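Structure, as structure tokens:
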Amino acid sequence: MPDATRVGDAAPAPRASWLQQGDAWVLTLDGEWRDSTGTLPEAPVIANPTDIRIDAQALRSWDAGLASSLWQQLDPLARRQMRLDLQGLPQGLQQIVSLALGTTSRVAAPVASAPGRVATLGANTTAYWGEWRQSLTFVGEVLYSVGRLLRGTSDMRFSDLAWQIEQTGPRSLPIVALVSFLVGLIVAYMGAAQLQRFGAQSYIADLVTVGVVREVAALLVGIVLAGRVGAAFAAQIGSMRANEEVDALATLGVNPIDFLVLPRVLALLIVGPMLTAFAALVGMAVGWLVAVGIYGVTPLEYVYASAQALTLPHVVVGLLKGTVYSVLVGLAGCRQGMAAGRSAQAVGDATTASVVQAIVWIVVAASTLTVVFQRLNW
């Protein structure tokens, strides 16, 4: 509230009046509005919706009585779709009246000048790097959690790890098998159609084996896990944040990263290469069906060519990529869940963001690893 009247000064009497300024009406307030000593004049008869402003620069002090009188005067005007500008009131009185009216959409907010292009670009850049900084901070916290686990001081329960392995591994096999079958069929059929033009059907096995084992299987596993597992992680942890369960864990002295994040990330670290190997086997089997059933390659010839093409570097690269993609999915899902807001909409936004972020990370990692391995002649 404004400062009280100085000792020895006569308290100015409360005064209020309605004035018309152009197309707007202004309610001016002056003096000491305490102990309900003043009354507001009746609002003028306004035919059409217009702007209503309040000038309280000369207001010395106020109490709840003035807030109640303002609400009684302004509420009928707000119901008639008048635009109310309460910026002239003291901040405390402005908040009370706005809350009493309960119509923030009809209360005018302070008008700010539109930011220029440079300012907008700077704000977007700052937000972008702030997001990456938060992600790097979260990855650092997970690494510290792994260190505590290795020292035997972690709050992680191995029963939670076993549960997450069961949820992310065996329960993901059907969808991984279906997607790998269909994508492997596309790769084998399209590749064989081109090789047939040169009479090189015998190289179908090389194309399918190298492509599926080295690249396709890992990418499919990463994308499937992003949609099925990463979104679930974000929704689970985000719901716990909305229900203040994460805060309760911290209050009880349990590290949320150890208890919630670490089991999920380690589970994907374990099941990632297994799912990648399974997806690669399904893809090669589909290639065998296409080559033998459609293009006349003998079964033994396909198996022999696949065995010749399936070298150790291809297997290691494929399994390594599948592991990296799976861990990135776990980090993205848990990171968005831990950063979620405390509402149902915020949980939904975090779930969507986790899938998008996981796929972006997978694409960036795939490009980087491909360039690195090609430079190493792997």
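The values are calculated or read from the model by the stated rules, or taken from the named source; none is laboratory data. Note that the structure is a prediction, hence the values are computed from the model and not measured. Methodologically, a virtual Cβ is constructed for each residue, glycine included, from the backbone with ideal geometry; neighbour enumeration extends over all protein chains shown. Note: areas computed on protein heavy atoms with side chains; ligands, DNA, RNA excluded. Shrake-Rupley method; radii C 1.70, N 1.55, O 1.52, S 1.80 Å.
Taking the criterion of being small (Gly, Ala, Ser), in a helix (DSSP H, G or I) and farther than 28 Å from VAL363 by Cβ, the only residue of segment 191-204 that qualifies is SER202.
Looking across segment 236-259, the residues that are open to solvent by less than 50 Å² (accessible area, probe 1.4 Å), touching a Leu at 6+ places or on another chain (Cβ under 9 Å) and under 16 Å from ARG342 (Cβ atoms) come down to ILE237, MET240, VAL246, LEU249, PRO256.
Going through segment 45-62 one residue at a time, which ones are without any contact (Cβ under 8 Å) to a residue 40 or more places away in the chain and either open to solvent by 30 Å² or more (accessible area, probe 1.4 Å) or within 15 Å of GLY31 (Cβ to Cβ) (or both)?
The initial filter retains those residues of segment 45-62 that are without any contact (Cβ under 8 Å) to a residue 40 or more places away in the chain, namely 45-50, 52-58.
Matches in segment 45-62: VAL45, ALA47, ASN48, PRO49, ARG53, ILE54, ASP55, ALA56, GLN57, ALA58.
Candidates in segment 325-350 are the residues that are modelled with pLDDT of 95 or more and β-branched (Val, Ile, Thr); of these, the one that is least open to solvent (accessible area, probe 1.4 Å) is VAL329.
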